[in-house]
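Quick notes on the structure that follows.
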Amino acid sequence: MDEVKVIEIKKSIFADNDKDADALRRELKQKGVYLLNVMSSPGSGKTTTLIRTINLLKDKLRIAVMEADIDSDVDAVKIKEATGIESIQLHTGGMCHLDAEMTRQGLAGFDRADVDLIILENVGNLVCPAEFDTGAVRNAMILSVPEGDDKPLKYPLMFTVCDTVVVNKTDVLPYFDFDLDRCRANVRLRNPKARVIPICAKTGEGVKDFADWLLQEVSDWKKK
Ligand SMILES: Nc1nc2c(ncn2[C@@H]2O[C@H](COP(=O)(O)OP(=O)(O)OP(=O)(O)O)[C@@H](O)[C@H]2O)c(=O)[nH]1
Ligand SMILES: [Mg+2]
Ligand SMILES: [Zn+2]
């Protein structure tokens, strides 16, 4: 089994997270590193989606991944084994989200700095990760079909702060009364500009749409 670096994140001491996040965003811009923050409930398919996406993009972009979890290194190991890219595990010491200072501690753990894109898989949780700006250029979230199309109504902030909502596990649509159009309408209530991308990470269907969006994002941002 591949070995991955595990970083124990210390609780943040910064009082003003928004300021700290803006500072981190500026530092990353100077280094030319695009940070994407991916959030969702536990088990909605973040790691599976990232593996598929990275395998579509790794010849076009230099990518690294930070996996944040309360404990274990299973996700970082999975990413490394399935994609071959550098992947580090952050342990949040029980914290159910990452803020900008914690993200900074994780970023410091990378061996190499010459990457175009770092993807942060945030702790599985629809509530507080949405409250803390990590310093990412963009937030994306994954909603899986079994969770229901009403989640934008119940977790408004998550859907307000995310520009891209990936709807995963479309293979099980026949077994759930999840309506994609109703989901799109619910997402629009929270964020009229958000795009909804249906995928099946299990088979790979639709993942190219997400990968194409991300590739375009990174290249537009580099030109800014
Ligand atoms: N049927 C189906 N299962 C899927 C799909 N994508 C992921 N899964 C399964 O869902 C489970 C959770 O997937 P993960 O990718 O580990 O989800 P995660 O969001 O990273 O989970 P945490 O990191 O624990 O929050 C696994 O058993 C996956 O095989 C999909 O498109 N369809
Ligand atoms: Mg995961
Ligand atoms: Zn939290």
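When region 166-178 is filtered for residues that are in a loop (DSSP other than H, G, I, E, B) and surrounded by fewer than 14 Cβ atoms within 10 Å (Cβ to Cβ), only 177 remains.
The residues of region 54-75 that are within 11 Å of ligand 1 (Cβ to nearest atom) and in contact with a helix residue (DSSP H, G or I) (Cβ under 9 Å, 6 or more places away or on another chain), listed by number, are 67, 68, 69, 74, 75.
Identify the residue in region 141-173 that is among the aliphatic types (A, V, I, L, M) and more than 20 Å from residue 203 (Cβ to Cβ) and, among all such residues, is nearest to ligand 2 (Cβ to nearest atom). Before you say what the answer is, go through the steps one by one.
Going through region 141-173, the residues among the aliphatic types (A, V, I, L, M) turn out to be 141-143, 145, 153, 157-158, 161, 165-167, 172-173.
Adding the requirement that they be more than 20 Å from residue 203 (Cβ to Cβ) leaves 141, 153, 157-158, 161.
Numbers: 141: 13, 153: 25, 157: 21, 158: 17, 161: 20 Å.
By that ranking, first place goes to 141.
The set of residues in region 28-53 being of a type in the set (Ser, Thr, Tyr) and either within 9 Å of ligand 1 (Cβ to nearest atom) or assigned to a helix (DSSP H, G or I) (or both) consists of 40, 41, 44, 47, 48, 49, 53.
Sub-7 Å Cβ pairs linking a first residue in region 208-224 that is in contact (Cβ under 8 Å) with a residue 60 or more places away in the chain to a second residue that is part of a helix (DSSP H, G or I) and of a type in the set (S, T, N, Q), at least 6 apart or interchain, are 210/53; 211/53; 214/53, ordered by first then second residue. A single member of 90, 126 is touching a residue at least 24 places away in the same chain (Cβ under 8 Å), within 13 Å of ligand 1 (Cβ to nearest atom) and either in contact with a Gly (Cβ under 7 Å, 6 or more places away or on another chain) or among the β-branched types (Val, Ile, Thr) (or both), and it is 90.
Scan region 2-29 residue by residue and report those that are crowded, with 18+ Cβ neighbours inside 10 Å and aliphatic (A, V, I, L, M). Those that are crowded, with 18+ Cβ neighbours inside 10 Å and aliphatic (A, V, I, L, M): 4, 7, 9, 21, 24, 28. Looking across region 131-154 at every residue that is in a helix (DSSP H, G or I) and within 15 Å of ligand 1 (Cβ to nearest atom), the one that is surrounded by the most Cβ atoms within 10 Å (Cβ to Cβ) is identified as 145.
A quick yes/no check of all residues on (1) within 16 Å of ligand 3 (Cβ to nearest atom); (2) acidic (Asp, Glu):
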site	(1), (2)
35	no, no
42	yes, no
62	no, no
73	no, yes
90	yes, no
103	yes, no
107	no, no
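Taking the conditions (1) surrounded by 18 or more Cβ atoms within 10 Å (Cβ to Cβ); (2) touching a residue at least 40 places away in the same chain (Cβ under 8 Å); (3) within 16 Å of ligand 2 (Cβ to nearest atom) in turn, residue 70 satisfies each one other than (1). Of everything in region 73-96 that is β-branched (Val, Ile, Thr) and not in a strand (DSSP E or B), the residue that is surrounded by the most Cβ atoms within 10 Å (Cβ to Cβ) is 79. Filtered by the rule that a residue be among the acidic types (Asp, Glu), closer than 28 Å to residue 152 by Cβ and out of contact with any Lys or Arg (no Cβ under 8 Å at 6 or more places or on another chain), region 76-133 gives 99, 131, 133.
Being within 16 Å of ligand 1 (Cβ to nearest atom) and under 17 Å from residue 196 (Cβ atoms) narrows it down to one residue among 120, 173; which is it?
On the way: 120 fails: under 17 Å from residue 196 (Cβ atoms).
Sole residue among the options that is within 16 Å of ligand 1 (Cβ to nearest atom) and under 17 Å from residue 196 (Cβ atoms): 173.
Note on region 185-212: residues that are surrounded by 18 or more Cβ atoms within 10 Å (Cβ to Cβ), away from ligand 1 (no atom under 16 Å from the Cβ) and part of a helix (DSSP H, G or I) amount to 3.
Each reported figure results from applying straightforward, stated rules to the coordinates on display, with no laboratory input. Fair warning: this is a prediction, and the values are worked out from it, not measured in the lab. We place every Cβ from the backbone using ideal geometry, glycine too, and count neighbours over all the protein chains shown.
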